[in-house]
Amino acid sequence: MAQHDSLFRSSPMSLTQLYISNEIGREVVSALGELGCVQFRDLNQETTAFQRTFTKEIRRLDNVERQLNYFKAQMEKSSLPIRSSYEFEENMLAAPNAGEIDELAERSEGLEQRISGLNESYETLKKREVELTEWRWVLKEAGGFFDRVWRVNPDS
């Protein structure tokens with residue numbers, strides 16, 4: 001795109017229709033999106049979201065987004081610093097390809113299970129610590145009681 005061009009209505013534009021196979025659709029749309037000079041129109045407006053072919057993938061990506069938000073909340077809860085996007089190299093922030101998205105989905109699933117397991121273990125340990133502290137105080141008080149009784153009646 002030339003320096004004087006922009007995506008405003010006053011800029012000259014052309015309407016083009018592309019036919020892309022499903023196998024390479026994700027990569028083509030990602031590459032066009034990286035260019036930043038393309039707008040997409042929905043030609044299937046009458047189709048509901050549940051009738052579309054990519055609904056399953058959208059749900060999976062929504063789940064990955066939920067998992068990433070969970071990770072962020074856990075990091076904030078633990079006071080772990082979150083790196084700013086400015087600290088990453090520019091090529092690391094590019095849109096991921098299909099394989100990278102699949103790998104991210106698998107890794108986030110495993111990490112979510114691991115973190116939730118660690119949280120459950122932590123809660124169990126905290127409950128056990130409270131119980132043991134309670135028992136320590138009970139034994140300490142009971143021992144003090146028996147010491148006082150023994151001092152009063154050493155013959156028994």
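The values are calculated or read from the model by the stated rules, or taken from the named source; none is laboratory data. The model shown is predicted, which means the values in this text are computed figures rather than measured ones. Methodologically, a virtual Cβ is constructed for each residue, glycine included, from the backbone with ideal geometry; neighbour enumeration extends over all protein chains shown.
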Item checked: Residues within region 83-111 that are at pLDDT below 75 and among the small types (Gly, Ala, Ser), tallied -> 3
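A quick yes/no check of all residues on (1) assigned to a loop (DSSP other than H, G, I, E, B); (2) out of contact with any Lys or Arg (no Cβ under 8 Å at 6 or more places or on another chain); (3) surrounded by 11 or more Cβ atoms within 10 Å (Cβ to Cβ):
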residue	(1), (2), (3)
12	yes, yes, no
24	no, yes, yes
50	no, yes, no
73	no, yes, no
Next item on the list: Report, ordered by the first and then the second residue, all pairs with beta carbons closer than 9 Å, sequence separation of six or more or different chains, a first member in region 43-64 that is small (Gly, Ala, Ser), and a second member that is surrounded by 11 or more Cβ atoms within 10 Å (Cβ to Cβ).
Entry: 49/55; 49/58
Notebook entry, point to check: Can you tell me which residue in region 1-34 is nearest to the chain's Cα centre (by Cα), limited to those that are modelled with pLDDT under 80 and of a type in the set (A, V, I, L, M, F, W, C)?
Noted result: 7
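Out of all the residues in region 88-96, is one or more within 21 Å of residue 63 (Cα to Cα) and assigned to a helix (DSSP H, G or I)?
yes
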Note to self: Condition first: surrounded by 10 or more Cβ atoms within 10 Å (Cβ to Cβ) and in a helix (DSSP H, G or I). Can you find one or more residues in region 33-45 that meet it?
What the structure shows: yes
